[in-house]
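The values are calculated or read from the model by the stated rules, or taken from the named source; none is laboratory data. Small disclaimer: the values here were computed from a predicted structure and weren't measured. All Cβ positions, even for glycine, are placed from backbone atoms using ideal geometry, and neighbour counts span all protein chains on display.
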Amino acid sequence: MMNLSHGGNIYSQKVDYDFSANINPLGMPESVKRILARKINDFEHYPDPYCSELVREIALYEEVEEDRIVCGNGAADLIYRIVQALRPENALIAVPTFSEYEKALRTAGCLINYHQLREEDEFEVREDIIEKIDGNDMMFLCNPNNPTGKMVAPELMENIIKKCNETGCLLILDECFMDFAEEKAKFSLEHNLKNVLLLKAFTKIYAMAGLRLGYVICPDLKIAEKIRSFGQCWSVSVPAQLAGATAIKEREYVSETVRLIAEERAFLSEKLRGFGFKVYESAANFILFRCSLPLDNLLLEKKRIAVRRCDNFAGIEAGFFRIAVRTQEENEILISAIEEVLEIG
């Protein structure tokens, strides 16, 4: 059986509230629901293999050439396609981070070099990562990072990019959670790409996890063509293409999401600290914290609430948990449940 190491697996256990998957708590935009309902008869046809309308909308939003954009069946699909297309021999990963980077690299027989992010540094990426870049063909960096929620300082990112350019290391920058960040304009490389392959997803910010949709913006046409040639022809379904082309126009929805996440993240962080947990500051729609109890089991068994245990992330030990930031009502339910299982309330 496949070993699933992600949140959101609500199918094999009884869950009333899922805090294990980092999805927008506002749910899918109403405009997306309407277009899917109206166009349901179009689902009888094969998808456009070039995702023409979707790519046009992404290009307008990102202010890049259409032929530098490659769409896929979620960000995870594109991670595997990137690795298979470019076949790196040596790659660098800063851990803990998203596990699919490592899995994809292993399918290509790549030698993986790890840079350990230190707990005493709050799991932040520091300057010492630069000395690890030389000798690698590829580097994966998640910003904000999953599961820590930490952002890479802009000055450090510039230095990382410079080093990658000097050494011929292709930087794959995963910004799938960047749209949740209040300081996106300061930290994102969106509209400012410099020899970087930028990975983004509709899954998280538009609550489209079940539809599966992501895209990469490539540094040049040659790399884009290589990635496009790998994977199946119809990797993006008709409903996913319709949903993406509609969702990317939802600017107010994203602004409201950022406001909600900031308020509720602060609320949850304060309450978790009140329990005596070690809480790590996050810029994303999730929070990493440390607890000595098997909190995931207690919440699932007693309250049917799922949270993400993090000890199956490389570079992190037992006792760490990640929770998604949900609506005020859901977050209050989670805090009350934690109080009860800790026998506080």
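Identify the single condition in (1) in contact with a helix residue (DSSP H, G or I) (Cβ under 7 Å, 6 or more places away or on another chain); (2) more than 23 Å from Pro88 (Cα to Cα); (3) modelled with pLDDT under 95 that Ala209 does not satisfy, given that it satisfies every other one.
In the conditions (1) in contact with a helix residue (DSSP H, G or I) (Cβ under 7 Å, 6 or more places away or on another chain); (2) more than 23 Å from Pro88 (Cα to Cα); (3) modelled with pLDDT under 95, Ala209 misses (1) alone.
Out of all the residues in the range 328-335, is one or more under 26 Å from Asn143 (Cβ atoms) and without any contact (Cβ under 8 Å) to a residue 60 or more places away in the chain?
Taking every residue of the range 328-335 in turn, none turns out to be under 26 Å from Asn143 (Cβ atoms) and without any contact (Cβ under 8 Å) to a residue 60 or more places away in the chain.
How about the range 256-271: which of its residues are buried (at least 18 other Cβ atoms within 10 Å of the Cβ) and either more than 23 Å from the chain's Cα centre (by Cα) or under 12 Å from Gln328 (Cβ atoms) (or both)?
Within the range 256-271, Leu260, Ile261, Glu264, Arg265, Leu268, Lys271 meet the criteria.
Identify, please: which residue in the range 234-290 is assigned to a strand (DSSP E or B) and among the hydrophobic types (A, V, I, L, M, F, W, C) and is, among those, nearest to Val70 (Cα to Cα)?
Phe286
When you look at Glu301, is it in a helix (DSSP H, G or I), assigned by TED's automatic domain parsing to the domain that holds Ile333, modelled with pLDDT of 95 or more and among the acidic types (Asp, Glu), yes or no?
Judged against the criteria, Glu301 is not a match.
Just to be sure, is Leu117 modelled with pLDDT of 95 or more, assigned by TED's automatic domain parsing to the domain that holds Val216, surrounded by 20 or more Cβ atoms within 10 Å (Cβ to Cβ) and not aromatic (Phe, Trp, Tyr)?
When the stated conditions are applied, Leu117 passes them.
Only one of (1) more than 25 Å from Ile287 (Cα to Cα); (2) at pLDDT 95 or above is not met by Asn146, so which one is it?
Exception for Asn146: condition (1).
Does the range 275-312 hold any residues that are buried (at least 22 other Cβ atoms within 10 Å of the Cβ) and among the aromatic types (Phe, Trp, Tyr), and which are they?
Passing the criteria: Phe286, Phe289.
Out of the residues in the range 1-33 that are polar (S, T, N, Q) and assigned to a loop (DSSP other than H, G, I, E, B), which is modelled with the highest pLDDT?
Asn24
Residues checked against (1) surrounded by fewer than 17 Cβ atoms within 10 Å (Cβ to Cβ); (2) closer than 19 Å to Leu26 by Cβ:
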{"residue": "Cys233", "(1), (2)": "yes, no"}
{"residue": "Ala245", "(1), (2)": "no, no"}
{"residue": "Ile248", "(1), (2)": "no, yes"}
{"residue": "Arg251", "(1), (2)": "yes, yes"}
